[in-house]
Every structure is written in structure tokens, then in C-alpha cells.
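The values are calculated or read from the model by the stated rules, or taken from the named source; none is laboratory data. This structure is a prediction, so every number in the text was calculated from the model and none was measured. Counting neighbours? That spans all protein chains shown, and the Cβs are built from the backbone with ideal geometry, glycine included. The accessibility values were calculated without ligands, DNA or RNA, using every heavy atom of the protein model including side chains. Shrake-Rupley method; radii C 1.70, N 1.55, O 1.52, S 1.80 Å.
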Amino acid sequence: MLLTIIIPAFNEAERIGGTIEQIRRFFRAAKINYEILVIDDGSIDKTAAVVRQLAEKSPNIKLISHHCNLGKGAAVRTGVKAAKGDYILFTDADLSVPIRYFDQLWGPITEGHDISVASREKHGAKVLQSQGFPRELLGKSFGTLSKFLLAYGVADPQCGFKLFKTSIGKKAFAKVKTNSVLFDLEFLLLAHRAGAKIAEVPADWTHNPDTRIKYNLSKSLAIFRELLRIRRLYHIILPEHITTNGKTNRE
């Protein structure tokens, strides 16, 4: 099997069916052998029932359920562990980056990169609907802090559309401890330390106001504490430079 698509889902009953159908149409047309893993992260709506009904009709759709809400990082980690494809794509359930951008991510993979990351910050990217001032301010503040405390070099580590070799993903995610939104950065940091070659690709991105990732003061403080915890865990004194779109420390 070439590709595993991981969709972390929390209370996504209303849109998960449409998301799966868009993904199926795209990869059928591309004639790519794939599986879709939906990780139901403790939903209290009918997310699991919707996916289960679709899986009964299509063997390449699979449901894995958490008994409670563990966080997006935990959901992606569960999916990576279960993946059978040679490559893994993970995407948000609302397809904030359109599935057609798989083609743009696939290009660097064929050129020898191990990880290809969609970016809202690279030249050529378009934010078709912004998050609004408060959320955007918090996001930029987080980005500045993470670059100062942990790692820099990846312009947009949090964008929820990434493609990578399964071998690299399983190796890195076996060590990822973070369940919060910081899991992306921890994954990229670990992959970089393992010698992975990383590319960033500009993409269109649309904010969905019905997002499951909420930001408020208490959550912001929790993320700051998590940044400090990761910094201590990996013994980071000066922020590490994650090289993108170029040579790695293994070349």
C-alpha cells in the first residue's frame, strides 16, 4: 500500500463524511492505493457511527476510537502506529488545506525529501479566510516563543497537512510525548535530529470558524508550560535550527 491518510477527529459527525468522500474521489482519480484511518478522539457526537457506516461499505476506510479525548497529538500518534502505507499524510478533518495539495507535497518526496510540510507562511501561500485578530495574535505569539525556546527554520510547523515516509514517522512518533497542538513541532524536531530531509511547500489555507482547537488564556498558559517542558525534555539550551528545502546533517 502506498499511502495512509490519517484524519484526527473530535466531534466531527457533521463534516467527516464529506471530508472522506473528497479524499476518496481525489485518490481514486489519482489511481493511488490508499487507506484512510479516522482516529475518533473521544467524540461525544455520532462521529464514530458515521465513519463506521462508511467503513462497512469501503474496506480501505478504518475507524480507531479513543475512549476519551486525549488531544490531536495523541490521535495522530495512534494513526501513525497503525499505518500500513509506505507514506503517511495527515490532514485536519475540515480540510483547511485542500486535498489537491497532496500533489505539491508529493513533489519534494519524489526528489528525496523525507517530510513535506504545507505552509501558510511561505511565499505563494494564500490565507483565504483568516482566524481573526485575537486568534491570529496568539498564534504569532506562540510561533515567536517556539522559535526562541525550541526550534526555528520551519516557517509554519503547525499547519495540519503533512506528508512523510512511514519509516521516519514511526521512528519519530514513537518518542513524541506531546498531545497538545505542539506535537507537530516535537515531531519535526525529532525527525530533524534523526537526519530527516524536510521541505516546506506554500499552500492555500482556509480557517474554519467551527474549529475544534480553541484558544483562550488558560490554554495559552498551558501551551507555554508545554513549551518549557519540551525544552527541558530535549535539553535545549539554544533553539535548534531545523533545515528545510536543502541538505541535512546526514549528507
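For segment 65-79, how many residues meet the condition of being farther than 22 Å from LEU185 by Cβ, outside any strand (DSSP E or B) and small (Gly, Ala, Ser)?
Of the residues in segment 65-79, 0 are farther than 22 Å from LEU185 by Cβ, outside any strand (DSSP E or B) and small (Gly, Ala, Ser).
Out of THR178, THR211, THR243, report the one residue that is at pLDDT below 95 and more than 22 Å from HIS66 (Cβ to Cβ).
Every option except THR243 fails the conditions.
Search segment 90-110 for residues that are open to solvent by 20 Å² or more (accessible area, probe 1.4 Å) and pair each with any residue that is among the basic types (Lys, Arg) and not in a helix (DSSP H, G or I) when their beta-carbon atoms are under 8 Å apart and the residues are at least 6 apart or on different chains.
Going by the 8 Å Cβ cut-off, the qualifying pairs are ASP94/ARG15.
Taking the condition of being of a type outside the set (A, V, I, L, M, F, W, C) and closer than 15 Å to ARG232 by Cα, how many residues in segment 176-191 meet it?
So the answer is 3.
Return the total of residues in segment 226-242 being free of Cβ contacts under 8 Å to residues at least 40 places away in the same chain and either surrounded by 12 or more Cβ atoms within 10 Å (Cβ to Cβ) or within 16 Å of GLY73 (Cα to Cα) (or both).
Result for segment 226-242: 1.
Do we have any residue at all in segment 141-158 that's free of Cβ contacts under 8 Å to residues at least 24 places away in the same chain and under 24 Å from LEU2 (Cα atoms)?
Within segment 141-158, none of the residues are free of Cβ contacts under 8 Å to residues at least 24 places away in the same chain and under 24 Å from LEU2 (Cα atoms).
Among the residues of segment 52-64, how many are among the hydrophobic types (A, V, I, L, M, F, W, C) and either part of a strand (DSSP E or B) or out of contact with any strand residue (DSSP E or B) (no Cβ under 9 Å at 6 or more places or on another chain) (or both)?
Matching residues across segment 52-64 total 3.
Would you check which residues across segment 159-201 are within 20 Å of ARG231 (Cβ to Cβ), open to solvent by less than 20 Å² (accessible area, probe 1.4 Å) and of a type in the set (D, E, K, R) and list them?
Correct list: ASP184, GLU186.
Here is a list: GLY124, GLY112. Which entry is assigned to a loop (DSSP other than H, G, I, E, B), at pLDDT 95 or above, over 26 Å from ILE20 (Cβ atoms) and out of contact with any helix residue (DSSP H, G or I) (no Cβ under 9 Å at 6 or more places or on another chain)?
Only one candidate passes the filter, namely GLY112.
Within segment 19-51, track down each residue that is within 17 Å of TYR101 (Cα to Cα), of a type outside the set (A, V, I, L, M, F, W, C) and not in a strand (DSSP E or B).
Correct list: THR19, GLU21, GLN22, ARG24, ARG25, ARG28, LYS31.
Consider ASP45 carefully, then state whether it is among the acidic types (Asp, Glu), within 27 Å of ILE168 (Cβ to Cβ) and at pLDDT 95 or above.
no
Can you tell which of ALA9, ALA82 is hydrophobic (A, V, I, L, M, F, W, C), within 27 Å of GLU226 (Cα to Cα) and open to solvent by 10 Å² or more (accessible area, probe 1.4 Å)?
ALA82
Scanning segment 45-79 for residues that are charged (D, E, K, R) and open to solvent by 50 Å² or more (accessible area, probe 1.4 Å), which turns out nearest to THR4 (Cα to Cα)?
The selected residue is LYS62.
Please work out if TYR87 is touching a residue at least 24 places away in the same chain (Cβ under 8 Å), more than 18 Å from THR166 (Cβ to Cβ) and among the aromatic types (Phe, Trp, Tyr).
no
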